[in-house]
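The structure appears below as structure tokens.
The numbers here are math on the coordinates, done by the rules we state, and not lab data. What you see is a predicted model; the values in this text were computed from it and never measured. Note that we place each Cβ from the backbone using ideal geometry, even for glycine, and neighbour counts take in every protein chain shown.
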Amino acid sequence: MASKKHPLSALGVQREEDIVLLMPDKYLDCRAPITNFQSLELGSEVLVRGEITSAPMKRWPQNKKIRQPFFVFDLWSNGVSVQFVVFGDCEKLVEKVLDAGPVYFYGTVSQFQNQLQLKDAVHIKPEQVGTVIPFYPGTRGAMKAERVTSYLHSRFPKIAKKAAQAIRDRFGLKGSGQDTALFQYADTTLTSIDDLLWMTHRPRTPQEACHAASVWETISAFYVAHHLHENSEMGAGPEFQIGITDQCVNEVMSAVPFQLVDDQAEAVYTIQRRLAQPEQTHHLINGDVGSGKTITFLILAVAAARSGARVAIMAPNGPLAKQIYQELDTLWPDVGKQFVNGDTPQNTPIDQSIVVGTQALCFRLGPQDGFNLVIVDEQQRYSVEQREGFMSSHGNIIESTATCIPRTMALLQFGNIGVSLIKSKHSEKSIHTRLLGPNDTRTVFGQVKAFVDQGERVLVVYPLKEGKEVEGEQFDKESILESYEVWERKFPGQVHMLHGDMKEDEKTQIIDDLKTKRKNLLISTTVVEVGINIPNLRYCVVVNPDRAGLVTLHQIRGRLVRNGGIGLFDMFCLDKISAKTQKRLTVLVNSNDGFEIAEEDLKLRGAGDLKKGSQAQSGKSNGLILNQPIKVEYVRFFLEMLKQVAA
């Protein structure tokens, strides 16, 4: 019988004692309520005290696609009111606060048409006044922040002691007397894990909370560095050697109908030298879309096969895998090769020198197949388990990507993975990127019309195939199924729709229609990220780019002007975005360099879980703290320290 999931599993909590590793998103300083509303400063976060003497006014948003009303409350004190808004059902709140005497709300002070307002208002219970209240993050589409906060507030005092011991177990500490070992590298006077937990989840002041966060940063980095150090040793032995001669490489290269750029040639020879060593090779080929990564790893694959090795090449989808196989067959017909996908019969012998396939290879290949080299194209499309499972079973691994995942970027910085950058291009191209907001609708439609009228093809990308509803609210309203009719009305007979649930022959027909210009406008999900080639595409707009990662957005941008020229890439936000999101998306506005974008992505999203065998490739999980990024520079410091101690 399957074990029951923890209520906070969507946030990474697997066991009840791990809830303490979910850090507060912010702290509400409720120590000093304000009753003089005339003294409120715009932009400040405050706790206000007043009375609600009339029922809230019900209103409907101007955006007709939002199917729920909002309610406007008036909080009064000394003849001055502050307004705040509550969306959806608020009957329970009205029961608590209407004519109940003094009530408390926390929020950010703003003003609209000379009326004071309280943005993001939170109802504070009387018994919470005088304290600093931790407020925890929710997760989009699963659980609201209010529910997570309520859960942590009720459960923390009951679980604190057990949770402290669980942390000791993670670090191999036998009892509370050894807690000081955990704090030796942190700038703190703390000596107890129990005290750190209470300072984090029940701080007396905001300063205490801030100090606790800095301590967690240090011990989290030490925890990750410790695991990296333990698992940093690559395999070694003659079984990992693939001796490829220079003559063999040159003969393989001679079949390529164009001259390799210097970066491509350097990548080939660098990896050739690494494969010749009696140590396990893990190497990344990084280059923008269209820079020639595929031909680079195919040269190595053929050279390895001709040198007696067996090679597996895995692509993220059928069309791309077939394209790689056909290129291999066209340039090097003499090499034994085989194509494997989900439709390949299970009893089919896998007996050729080079096997090209989809993710079906994960389930078809094992150590008994004797592969010496595995090549993973578009590494960001696979889980850690898929990629590192391949490596442990088959020896050496080469990965290829335009924008590597944050976890890989961190490991590159720690020296665990080799890297070759392909920055030179066979054809010059320039892509201009813009970040547009809700007021730019006419700009976007006008731009699409201008390109279509000129007979150009246009790509419009939406985050999802269709919308869904979560916790009674309309969620992910903008989707291709909802938007297709709008585009078809504006451009009758010109629009195609593409999503991941379509069959491969349907996708092929759609792309053929675009190639021959039978239709010029494609409305798609992010399925176009990899393996979809629209010739001479010059304009692409991504709707609600805030719902996609930088890696995905950069890959989509790579669909533009693949054969050279000037392209335009617009990120169109239908709703106002936060300053944090704007900072993230601006990375793409400022850079077309995939490696540079990956470095920024690492800083913004965190490195993921760096422990061997872990699953988190990005985001804030690092194996100890569930929702905070590790400090890569801290990990690097501790890793060097541990290496020196070991030496």
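In table form, for the structure just shown:
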quantity	calculated
Full-stretch length increase - D195, A265 - with 0.36 nm per residue and alpha-carbon distance subtracted	19.5 nm
Relative contact order of segment 9-171, defined on C-alpha pairs under 8 angstrom at six or more residues apart (%)	28 percent
Taking S9, S307 and counting other C-beta atoms within 10 Å, the order from fewest to most	S9, S307
Exposure proxy ranking, count of Cβ atoms within 10 Å, fewest first, for E239, E208	E239, E208
Residue-averaged 222 nm ellipticity for the chain, from DSSP H runs of 4+ at -39500 (n - 2.57), nearest 500	-11000 deg cm²/dmol
Angle in degrees between helix 318-331 and the longest Cα principal axis of the chain, rounded to the nearest 10	30 degrees
Computed FRET value (nearest 0.05) for A145 with R15, which takes r as the C-beta separation and R₀ as 22 Å	0.55
Whole-number percent relative contact order across the chain, with pairs defined as alpha carbons under 8 Å at least 6 apart	13 percent
Degrees separating the helix 579-590 axis from the principal Cα axis of the chain, which is the longest one	30 degrees
Given K449/K515; K161/K631; K423/K580; K58/K119; K429/K507; K293/K503, the pairs whose alpha carbons are separated by over 21 Å	K161/K631; K423/K580; K429/K507; K293/K503
Charge sum, other residues only, whose C-beta stays under 10 Å from Y106's C-beta, Lys/Arg counted +1 and Asp/Glu -1	-3
DSSP bridge orientation in the chain - percent antiparallel, rounded to nearest 5	40 percent
Ascending count of other beta-carbon atoms within 10 Å, so fewest first, for M23, M57	M57, M23
